[in-house]
Amino acid sequence: MQRTDIKSLSFRELEQALKGLGMPAYSAGQIFVWLYKRHATDFGLMTNISKPSRLLLAQHFEIGSLKPLARQTGRDGTTKYQFMLSDGYSIESVLIPMGRWHTLCLSTQVGCALGCRFCLTGIKGFKRNLSVSEITCQLELVQAENPGTPVSHIVFMGMGEPFANYDNTLRAIDVLTSEYGYQYSHRRVTVSTAGLVPQIRRFIGESRANLAVSLNALYDDTRTAMMPINSRYPLGELIDVLKDYHKKRKGWITFEYVMIKGVNDGIGHAIQLAKLTRDFPFKVNLIPLNRHRGADYERPDDDRVQAFQEYLLGHNIVCMVRTTHGEEIDAACGQLGGGKVERNTSDLPQDSGGHPAQHRGNFQGGIDGH
């Protein structure tokens with residue numbers, strides 16, 4: 001009998017599954033605590049659950065995990081982690097120190113099908129969605145490597161389009177925010193989307209997490225050239241659903257605006273941004289393009305970025321230029337790649353004795369798959 005990864009279930013789904021096995025629903029809370037607070041790797045460790053129930057759990061479920069593969073740390077402390085999945089693909093997560101806060105950027109897919117031309121993940125193409133377990137285990141393993149540095153904020157801004165893996169993303173948020181799980185406030189969880197309008201509409205009623213939108217252009221022809229998803233959900237539809245989001249949720253929306261030299265970095269674009277989004281409160285994160293292999297675009301000049309920001313600030317629009325974190329280790333926005341990883345350890349970084357190099361904890365010293 002094929003067993004189900006128990007970490008692939010939301011709390012409510014686990015309750016229903018336990019009922020189907022004749023176990024009390026309250027055991028779901030006990031199991032969640034063992035999985036997400038005590039990080040149990042074996043049902044036999046769950047000592048406040050009866051032995052027959054533990055045997056039943058082991059018969060029907062397994063406890064999923066990821067294989068730590070590599071980590072790199074940049075000059076400012078930004079750390080990129082690479083994890084191997086069971087089928088040999090790899091994904092990447094990024095831990096970003098920001099003063100007393102530490103933000104973890106999670107991946108939701110192996111690759112991405114949207115093909116945004118400024119993003120390495122999209123250029124590499126789509127392989128598959130991540131399971132709930134594969135999403136939440138990124139946090140578990142990063143936190144295990146940094147026990148004295150609690151992750152304060154979670155952002156779904158890694159590899160993949162979260163709303164193209166909508167159900168698993170929402171289940172992962174359920175685990176992150178459950179009182180029996182990681183207990184994050186919804187205010188500290190942000191989901192970024194390139195603009196999948198139907199999923200945004202669902203998100204309005206189904207989640208209390210924050211929303212960020214990768215906007216990047218103010219005219220349909222330019223945005224479609226940069227982000228093909230715009231041909232399916234053009235700016236007019238996107239702005240309309242965001243107005244609805246504000247009306248029903250009363251929350252601010254964050255726009256991520258990747259600035260590209262000669263494409264979207266002029267004052268005229270800043271003027272259009274102010275016009276296009278004037279009917280609801282928002283803030284803008286300006287992201288000067290982070291170069292990577294395969295990019296067709298160039299980073300804008302600093303004076304263009306400053307002028308763009310000053311125009312928005314002068315019109316009472318909250319606007320920040322996002323500091324680049326981890327660019328030298330390909331960990332900045334748009335630089336995550338992942339890939340297929342060979343299991344042969346001879347392909348991993350070697351130490352002077354010919355053994356796979358270790359770099360703190362269970363992670364190897366370098367990042368493969370780029």
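None of the figures in this text is laboratory data; all of them are computed from the coordinates on show. All values derive from a computational prediction rather than experimental measurement. So basically every Cβ, Gly included, is an ideal-geometry build from the backbone, and we count neighbours across all protein chains shown.
In summary, the lysines within cross-link reach of Lys248, defined as a Cα separation below 30 angstrom excluding same-chain residues under 8 places away, comprise Lys275, Lys283. Report note on the peptides 16-27, 99-110: ranked by the mean count of other C-beta atoms within 10 Å, highest first, their order is 99-110, 16-27. Here r is the Cβ-Cβ distance between Thr149 and Lys283 and R0 is 30 Å; the resulting FRET efficiency, rounded to 0.05, is 0.65.
Note on Gln272 and Lys243: the extension gain reaches 8.8 nm, defined as 0.36 nm multiplied by sequence separation minus the Cα-Cα distance. Could you tell me which of rounded, prolate or oblate describes region 4-62, using a ≥ b ≥ c as the square roots of the eigenvalues of the alpha-carbon gyration tensor, with rounded for a/c under 1.5 and, failing that, prolate when a/b is larger than b/c and oblate otherwise? It is rounded, given that a/c, with a ≥ b ≥ c, falls under 1.5.
A Gaussian network model of the chain, with springs between Cα atoms under 10 Å, assigns the largest mean-square fluctuation among Gly148, Gly158, Gly181 to Gly148.
With the highest mean first, a sort of the peptides 193-199, 139-145, 111-117 on other beta-carbon atoms found within 10 angstrom per residue produces 193-199, 111-117, 139-145.
Do you know the Lys pair count in region 1-154 for C-alpha distances under 30 Å, with sequence separation 8 or more or different chains? Eligible lysine pairs with Cα atoms under 30 Å apart amount to 18.
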